[in-house]
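The structure appears right after this line, and notes come after that.
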Amino acid sequence: MSDKILEIKNLNAGYETYRGVSHVLKNFNLEVEKGEKIGVIGESGCGKTTTMQSVNQILPSNAVIKGGEINFKGENVLKMKEKELMKLRKKGVNMIPQDPSASLNPLYKVETQLRDVLEISTEDGTSYYNPFMNLFKSKFKNLKNDGRKDKDYYREKSLKLLEDVKLSDPERVLDSYPFQLSGGMKQRVCIAMSLASLKDLLIADEPTTNLDVTIQHQVLNLIKNLLDKENLSAILVSQALGAVKKFVDKIYVVYGGSVVEVGTTETIFDDAFHPYTQGLIECMPKLTGGGFSEGIAGQTPEYVNPPTGCRFYPRCPNSSNECKNNTPSLIEVEKNHFVACEGA
Amino acid sequence: MAEDDLEEKAKNIIDKKEGLTKGPSPLLDSLKRRWYRFKLNPLSLLGLSIAIITIFLAIFGEHVAPHPEHGWYYHNYPARFTEPFETLTYPLGTDDYGRCILSRIILGFRYSVRMAAVVLGLTLPVGVTSGLVAGYHRNTWVDTLIMRFSDVFVAVPPLVLALSITGILEPTAENAMIAVSLGWWPWYARITYNNVSSLVNEEFIKASQIMGANKFHIMFKNLLPNALGPILTKASLDVGLVILIGASLSFVGLGAQAPTPDLGTMVAAGITWFPSRWWPVILPSLAISFIILGFNLLGDGIQEAFEEAH
Amino acid sequence: MNMKKYIGKRVFWGLLALFGLSIFIFYLARILPGDPVLMMVDPRTPETTIEQLRRSLGLHRPIYLQYFYWLGDVLVGDFGYSIYSRQSLTIDIKNYLPQSLELIAAAGLIQIVGASFIGISAGTNINKWQDHLGRLFAYVACSIPPFVWAIFLQFVFAYHLGLFPSTGALSGGYSAPPGPTGFITIDSLIHGRIGTLINYLHHLVMPALALSFLGMAQGARIFRTGMSRIKEKAYIRMSRAYGISKRKTQYKYMLRPGCIPAITVLGMQIAIMLGNAFLVEWVFRWPGFSRFAIRALLDSDLNAAVAIVVIIGFMFFVLNLIVDIIVAYIDPRIRYERE
């Protein structure tokens, strides 16, 4: 029984909207062990980001968690107080955000933001931030005896980080404001910010959407090597199945707020059981020819009044009446291969 | 078919937070959304009720007030300065002419509402149209001409402009309304312009132009709806503001003149006897504040309802 | 595009607009029916004297020429003759303007401090008591017109409680120091008349408060909305995700974007105070420029009307410029986007 870094048990969550409360995540279950890298795939709107933001509790204020547990190293995140959450975010969970344009503060240069993240990674415990003292101290440099290093030290480190993520001309990037950078550059800055300190779990929410394929590989390899060195875990949320394949050991397939299939990378790609997974794999254009697939017919489920039973039912080619009424749960069909489907 | 799916998915991404798929009718949907957000704050509903009461009194004042004839040249000196809450004939007391204060206040609502209605009724069309024309012809001489011309009228705060214009012309309620409108329309031009000028280069405008739609069609049908939100928000907040300015003007004597039962004028008239006889001053002041509070709450609610969550 | 060019553009267009306004007001004042000269003199004055007066005032010239003469005079500081006060307007302005400026400055200061304090604490503690109290105050304060506030303050604190003097700037027994600047605060310090200063400040409190409430309320609301919206933004939530403390996030990362709408609004409010000062000065009989202006306007003193507009317009222009500069400094996007 190796120690689990993260364990999400029966998470039910949604958002308050004008139509009522939406029920996005339904009995969501996920586990990450130490050193493991797992992938989470699924279409837009299926609840991937919601889950990830629940882990380090940065959900927007109209989010509602209805039930379940999120255990990080055995402690329930949902019950943590502010101080403990701070510790979790500083040492435990790292995040690469999904939308880099929205995730960088538009009014501060990259250098400032990167420096603050680096500072956090070198501090211990929670320090009290007093803006007046900082102003005071910055005028009298010799009073800075609390272990804070000066700007140049951080600048050097920042430059190195930016080089690592393959940004050409890191000096310019460092001195720019976010709106002066392209989407891909911003994404790499975000990745750099998360690599500033290596924590137990890295959550990467679609970190490669804006990058060219070559850069994608390089960056992912960089991350993988860094993580492997210290035996750290990661969750890679992505739609780019190709990238996921090379990076992760285990894959969770999510549809409509629940996990529908879990398996190792080979199993999912070669031997998927769930009709949704099969459809997804089908959709990937293959080098061997055969043209493009038809896609999966239908729409994403409605979350405010979700259908009872299996949420994939309306689109499933193999469905039966049972599927409509009973919500399938994950059953182990083979070793380490779980599927939530009646028809399996 | 595939494009529709993609559009579905796109809209799903946008609606993801609200957990919806594309609704039946986008307009109805957005109105429903707005109403939900509006209702969210009970204060907005309070503001709406106050606004409705105000408008009702403005229209039907004469039928509600107990002594409507006191609104003009009336005097009943033996009854002057009766205290409020003492008699039933004069529930809020009388002023220095013996006129019933309650009736005059009720009649006074009309003048406040009229001020807002006239000013906004003038400034909105003029301002918005100017903004549209200027925005459509962005970066041409038309743009510069209109916007710089409007700048002239915002070179001073609106109250100051209104005071001086009313002072130069004769101080009447009508002149006050004209004066305020002059200082007010540029704001609408500006807000329309800001929201529209960035869209002029977008694809859908170019498409309209290619299809041969005439300028007015483009401006009003295509550009205007995008600016409508901020315009309406500002208009709803402005009602309270204009009423405030109107009351201030008449308070100083540069608006409606006595014996008009304008709330500001009433306060000014009562000041001579203040503070020993407090009610001719305090009661109309409370009435003004009541109206302004209502419209401010309403405006706030509308603002929250139209706020895009981005 | 850097700051200088941005400022340059603003200054140019702002002054141009001011000129335009002066032309408009000037024409309005001059094309009215009615003879200003006749208003100034005794009706029994012989026709020749009236003609002489008219010539000396330059009223025989066509209007556009009159404007240029007037403009020339204004640029050297001569605003003409005031019918109301029967003396040169420039003297009136020198006498009254400093007091108005002191009032506005005091009110502005109170406004900024009050608005930021109330607004920020409300915005960062939504739905807790700070928020409810702050919003209550804001609603009340901005629905009550400044003159009502003035009356109310006067009624309660001066008349009933006797804590503050109800009118004027200085009590009897104190006189304005003959100082160089005309600003009582500065002059009394220069002359070492601390008693005068204290008495003056004592008189200043209530008008300044009354003047500031409206702007304070608006400012607080904007701060609150701004801060609460910023709190939801992805980049703020991300900075928490990186482990940055709540306090640091608030002070460093939320304040800047949250300030921007607030600064614009506060600047606007201070400018609006330029207008509302009229009312407050009127109620408190504060010997300021605005009160003088109203009396002149009620007397249809056209020269004064034009002068008022121009002077206040200029102050407004300067104020807006300062606000724009501050905003451009804080938000780099404004500077760069103006290309």
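The Cα-based radius of gyration and maximum Cα-Cα distance (Dmax) for chain B are 24.0, 85 Å.
For C:L298 and C:L136, a Förster radius of 35 Å and the Cβ-Cβ distance give a FRET efficiency of 0.40, rounded to the nearest 0.05.
In the protein assembly as shown, a dipole from Cβ-located charges (positive for Lys and Arg, negative for Asp and Glu) runs towards its positive end, and of B:L169, C:H202, B:T94 it is C:H202 whose Cα lies farthest in that direction. Measuring nothing but how far apart in sequence close Cα pairs (under 8 Å, 6+ apart) lie, relative to its length, region C:92-309 scores a relative contact order of 32 percent.
How big is the equivalent ellipsoid of region C:92-309 along its three axes, where each semi-axis is √(5λ) from the Cα gyration tensor, reported in whole Å from largest to smallest?
On the way: eigenvalues 288, 66, 61 Å².
Working through the eigenvalues yields semi-axes of 38, 18, 17 Å.
Association of chains B and C removes close to 4000 square angstrom of accessible area from solvent, both sides included, for a probe radius of 1.4 Å.
Per-residue mean of foreign Cβ neighbours for B:244-251 is 5 (Cβ atoms of other chains, 10 Å radius).
The 1.4 Å probe gives accessible areas that order A:E171, C:E102, largest first, as A:E171, C:E102. For the cross-link pairs A:K66/B:K32; A:K91/C:K246; A:K87/A:K224, the ones whose C-alpha atoms lie over 19 Å apart are A:K66/B:K32; A:K87/A:K224.
Helix C:255-284 versus the longest principal axis of chain C: what is the Cα-based angle in degrees, 0 to 90, to the nearest 10? Once rounded, the angle reads 40 degrees.
Evaluated at q = 0.14 Å⁻¹, the base-10 log of the normalised Debye intensity for region C:241-305, with identical point scatterers placed on the Cα atoms, takes the values -0.60.
If R0 is taken as 60 Å, the Cβ-Cβ distance between A:K66 and B:F216 corresponds to a FRET efficiency of 0.70. Across the accessible surface of chain B, with the other protein chains kept in place and a 1.4 Å probe, carbon and sulfur atoms take up 66 percent. Give the whole-number value, in cubic angstrom per residue, of the convex hull volume spanned by the C-alpha atoms of the protein assembly as shown. Enclosed volume per residue, from the Cα hull, is 224 Å³. The mean count of C-beta atoms from other chains within 10 Å of the C-beta of residues in C:289-297, rounded to a whole number, is 3.
What you get for region C:92-309, charging only the Cβ of Lys and Arg (+1) and of Asp and Glu (-1), is a dipole of about 1500 debye around the Cα centre.
Placing pseudo-labels 7 Å out from each Cα toward the beta carbon at C:F12 and C:T48 gives an inter-label distance of 5.5 nm.
Rolling a 1.4 Å probe over the protein heavy atoms gives the protein assembly as shown an accessible area of 45 Å² per residue.
A:D169 contributes about 80 Å² of solvent-accessible surface, heavy atoms of the protein only, 1.4 Å probe. Of the residues B:P158, B:A51, B:S130, the one whose Cα sits farthest towards the positive end of the charge dipole of chain B is B:S130 (charges of +1 on Lys and Arg Cβ, -1 on Asp and Glu Cβ, taken about the Cα centre). About its Cα centre, the dipole of the protein assembly as shown is roughly 1680 debye, where the only charges are +1 on Lys and Arg Cβ and -1 on Asp and Glu Cβ. For chain B, the dipole from Cβ point charges (+1 on Lys and Arg, -1 on Asp and Glu) about the Cα centre works out to 120 debye, to the nearest 20. Farthest towards the positive end of the charge dipole of the protein assembly as shown, among the residues C:G72, B:G229, B:P42, is the Cα of C:G72, using unit charges on the Cβ of Lys, Arg, Asp and Glu. Entry note, the protein assembly as shown: the mean residue ellipticity at 222 nm calculated from DSSP H runs of n ≥ 4, each adding -39500 (n - 2.57), is -19000 deg cm²/dmol after division by the residues and rounding to the nearest 500. With 29 Å as the limit on Cα-Cα distance, the pairs of A:K48/B:K234; A:K109/C:K9; B:K221/C:K4; A:K229/C:K233; A:K79/C:K231 that go past it are A:K48/B:K234; B:K221/C:K4; A:K229/C:K233.
Relative to one another, the C-alpha centroids of region C:252-306 and region B:62-127 are positioned 29 Å apart.
The values are calculated or read from the model by the stated rules, or taken from the named source; none is laboratory data. Bear in mind that the values here come from a model prediction, so they are computed numbers and not experimental data. Here Cβ is always computed from backbone atoms with ideal geometry, including for glycine, and neighbour counts include all displayed protein chains. For the accessible areas, the whole protein counts, side chains as well, though only heavy atoms, and no ligand, DNA or RNA atoms are used. Shrake-Rupley method; radii C 1.70, N 1.55, O 1.52, S 1.80 Å.
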